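**Q** This structure is in structure tokens; I'll ask about it shortly.
The values are calculated or read from the model by the stated rules, or taken from the named source; none is laboratory data. This structure is a prediction, so every number in the text was calculated from the model and none was measured. Using ideal geometry, Cβ is built from the backbone for each residue, glycine included, and neighbour counts are taken over all protein chains shown. These area figures cover heavy atoms from the full protein model, side chains too; ligands, DNA and RNA do not enter into them. Shrake-Rupley method; radii C 1.70, N 1.55, O 1.52, S 1.80 Å.
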Amino acid sequence: MEQLFLYLVPFLGVVGLVVMAVKSAWVTRQPTGDKNMVELAGYIAKGAMSFLRAEWKVMIYFVVIAAIILGWSGTLLDNSSPVIAISFVIGAVLSAFAGYLGMKIATKSNVRTTEAAKTSLAKALNVSFTGGTVMGLGVAGLAVLGMGGLFIVFYHMFVLSAGGGVNGHEMETALEVLAGFSLGAESIALFARVGGGIYTKAADVGADLVGKVEAGIPEDDVRNPATIADNVGDNVGDVAGMGADLFGSYVATILASMVLGREIVSNDNFGGIAPILLPLVIAGLGLVFSIVGTFFVNIKSETGNVQAALNRGNWISILLTVAASFFVIDYMLPEGDLVMSRLNSVAFTKMGVFGAVFIGLIVGALMSIITEHYTAMGKGPVNSIIRQSSTGHATNIIGGLAVGMQSTVLPILVLAGGIFTSYMAAGLYGVAIAAAGMMATTAMQLAIDAFGPIADNAGGIAEMSGLPKEVRERTDILDAVGNTTAATGKGFAIASAALTALALFAAYVGISGISTIDIYKADVLSGLFVGAMIPFIFSSLAIAAVGRAAMDMVNEVRRQFKEMPGIMEFKTKPDYEKCVEISTKASIREMVAPGAIALVSPIIVGFLFGHEVLGGMLAGVTVSGVLMGIFQNNAGGAWDNAKKSFEKGVEINGEMYYKGSEPHKASVTGDTVGDPFKDTSGPSMNILIKLTSIVSIVIAPYIPLDSPLGISDNADVEALPKVVQVQQQEPPASVEALEVN
């Protein structure tokens, strides 16, 4: 039975990839429209692939150097292996490939969605969502296949071949090597997300400020030189970047649960491996039920509710995963109490584990609902920004910042409640398995998220092609919903990061051998503050990079309008490729510094100050990063939909305002400020949080207990002074007794 469940996991990954291939073939068979539409789509596809090639050239150097270092370090300790380098490379390659799959299908689906929108809203939704589904299934299928397949290989290589036990040194080595896979995935995800975010926002700002505000033409007008780069940016940032992002998140969540599962002594029918295997099985089941959920995403008429259709598919996949998890957990885990051997002594049962999975799925759903409230058109927060646009640009900015800050309250309360209740249900393993439950339906979440950029591109092609008004109206409906789903997807990702970070944090404590992280120590408290600072400097570098790249783009668009006057009369074709080149070069150049912070900071702090200070830094990064991520994602999403609302007309103080009005211009400014928030620095926070933790897990065995600059770690309690040990004894009867001790 153990072997059956072991091989079931990669098999389910293959099932997901097969269904992906079938749906991809269906999208490819859809009509592409007239010659002009195909030409415009070709520009977008060419620009997207040129960016990927340029990005991959840089990342190849990083992957090769990092793999050599990991391979060498794997020879230094007994609980690691040079094979970690191979694991790292596979993780990096699959992460990049996941982004490529999303990019490829998105650039096929956009023009086909435009053509479908000539017929009906229902058909346009079907094409765009099927394109998103291809990406979702590709990412989840590769993750399940990669993690499941590598675990089988490492389990046989390091555990079974050596006759080792599930809870012993051999399994620790297997999971340490498997952590290399997650490190590779998250590293590529960070560069893809930051690089793609810089690209898309540089183009978007140029298209908005010069095209819309200065020239007075639509963002997607064929005369706008930055419009192709803007549409390319939707793919490289919101598709390829998001694909690599959630691939890394998916893998990190599963890994954290498996590492903590090794700490559980389980008398089960799987040779004690059930707690380690369970997260993989839940991920595989979530993939299958995400496929089922996609069949329920449809509308029947022009007045159908697109958001409701997406929510219906999402909830069906969640409920089916919950139901299946109950039976799987009941079958795999033994009766009686389970206890984690080292990290804590909280006893729990298999129904406690199921409760934690259920809590994780509920937390994910609540995060999506809350994010939708703060970012969706027609809701109170977005309407408040619209009203404040009537008094100028400054009040629009103030309103958006206020909404973003306010939007952190409910998500943090939900996350805190989820962490507390899942811990009560099954200890630290419960927190990790809750995150695994939340991420189980990643395929559906990503399908919902990816359909938005496809719809956005479809609207751009419709505008540039001069198609009838009703076509653009249909794509605008999809695009407006896509703005909200993009925000909810980012909220979902940051929520998973918060739960996963605690699980990774616990795994780090176990691997490093420390017993506590005492913030009463000056160096640990200092590490906490430094960690809290890192998301701010990371965001600063990312946003500043967008600003510099956007300046180059604005200058180029202005130059073309000035030196090529025939553009405005449709007599001269803009130089689209020059704008694509500017965004590509800027994004590749600027993505290095933010990425280096995430990779290097835990290494510097760990080796200079030791395990405990590094633990303090991780805590600071997690708390600060979650808050920054929620704030930036929601503020940017709310600003964006406030701007979109003017396209249909909004009522402010009894008067109607439309595109081109002064309040609309103020909303464009707010959206421009929010663009790098929601598409560059904000969504990168969840990768930053998890990547610092994974790097810490990988380097933990190499950090000496006596660090050069920090106070000695507390792994060896006997070595601590008596004044510290007295805290572990029974409270003294009097002050005199304390003095004796």
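**Q** Given (1) under 17 Å from the mean Cα position of the chain (by Cα); (2) surrounded by fewer than 24 Cβ atoms within 10 Å (Cβ to Cβ), where does LEU499 come up short, assuming only one miss?
**A** (2)
**Q** Let me ask something else about it. Please count how many residues of the range 538-560 are out of contact with any helix residue (DSSP H, G or I) (no Cβ under 7 Å at 6 or more places or on another chain) and either of a type in the set (A, V, I, L, M, F, W, C) or open to solvent by less than 10 Å² (accessible area, probe 1.4 Å) (or both).
**A** 2
**Q** Scan the range 521-530 and give yes if some residue there is open to solvent by 20 Å² or more (accessible area, probe 1.4 Å) and modelled with pLDDT under 85, otherwise no. Give the steps one after another, and end with the answer.
**A** Of the range 521-530, the ones open to solvent by 20 Å² or more (accessible area, probe 1.4 Å) are 521-523, 525-526, 528-530.
The next check asks that each one be modelled with pLDDT under 85; those that pass are none.
Among the residues of the range 521-530, not one is open to solvent by 20 Å² or more (accessible area, probe 1.4 Å) and modelled with pLDDT under 85, which makes the answer no.
**Q** For the range 477-516, give me each residue that is more than 23 Å from ALA416 (Cα to Cα) and not hydroxyl-bearing (Ser, Thr, Tyr).
**A** Selection gives ILE477, LEU478, ASP479, ALA480, VAL481, GLY482, ASN483, ALA486, ILE511, GLY513, ILE514.
**Q** Now a separate question. Could you please let me know if VAL471 is farther than 24 Å from GLY620 by Cα, out of contact with any Asp or Glu (no Cβ under 6 Å at 6 or more places or on another chain) and of a type outside the set (Ser, Thr, Tyr)? It would help to see each step written out before you state the result.
**A** Values: farther than 24 Å from GLY620 by Cα: yes; out of contact with any Asp or Glu (no Cβ under 6 Å at 6 or more places or on another chain): yes; of a type outside the set (Ser, Thr, Tyr): yes.
Criteria met by VAL471.
**Q** Under the condition of being under 27 Å from ILE316 (Cα atoms) and part of a loop (DSSP other than H, G, I, E, B), which residue from the range 255-300 is nearest to the chain's Cα centre (by Cα)?
**A** VAL297
**Q** Pairs please, first residue from the range 44-70 and open to solvent by less than 40 Å² (accessible area, probe 1.4 Å), second anywhere and among the charged types (D, E, K, R), Cβ atoms under 8 Å, 6+ apart in sequence or on different chains.
**A** Close Cβ pairs satisfying both conditions: ALA45/LYS108; GLY47/GLU577; ALA54/LYS585.
**Q** Run ALA376 past the list (1) modelled with pLDDT under 90; (2) of a type in the set (A, V, I, L, M); (3) more than 15 Å from ALA635 (Cβ to Cβ) and report the number of the one that doesn't hold.
**A** The one condition ALA376 does not meet is (3).
**Q** Does the range 366-382 hold any residues that are surrounded by fewer than 18 Cβ atoms within 10 Å (Cβ to Cβ) and within 19 Å of the chain's Cα centre (by Cα), and which are they?
**A** ILE369
**Q** Shifting gears a bit: For the structure I just gave you, tell me whether GLU172 is crowded, with 24+ Cβ neighbours inside 10 Å and acidic (Asp, Glu). Break it down into steps so the answer makes sense when it comes.
**A** Working: crowded, with 24+ Cβ neighbours inside 10 Å: no; acidic (Asp, Glu): yes.
Judged against the criteria, GLU172 is not a match.
**Q** Name the single residue that is farthest from the chain's Cα centre (by Cα) among those in the range 570-584 being farther than 19 Å from PRO676 by Cα and open to solvent by less than 100 Å² (accessible area, probe 1.4 Å). Spell out the reasoning first.
**A** Restricting attention to the range 570-584, the residues satisfying the condition of being farther than 19 Å from PRO676 by Cα are 570-578, 581.
Next, from what is left, pick out any that are open to solvent by less than 100 Å² (accessible area, probe 1.4 Å): 572, 574-576, 578, 581.
Values: THR572: 41, PRO574: 35, ASP575: 34, TYR576: 30, LYS578: 30, GLU581: 27 Å.
The residue in question is THR572.
**Q** Being within 20 Å of ILE369 (Cα to Cα) and touching a helix residue (DSSP H, G or I) at 6+ places or on another chain (Cβ under 8 Å) is true for just one of ALA480, ALA506. Which residue is that?
**A** Numbers: ALA506 fails: within 20 Å of ILE369 (Cα to Cα).
Step by step, each of ALA480, ALA506 is checked, and only ALA480 is within 20 Å of ILE369 (Cα to Cα) and touching a helix residue (DSSP H, G or I) at 6+ places or on another chain (Cβ under 8 Å).
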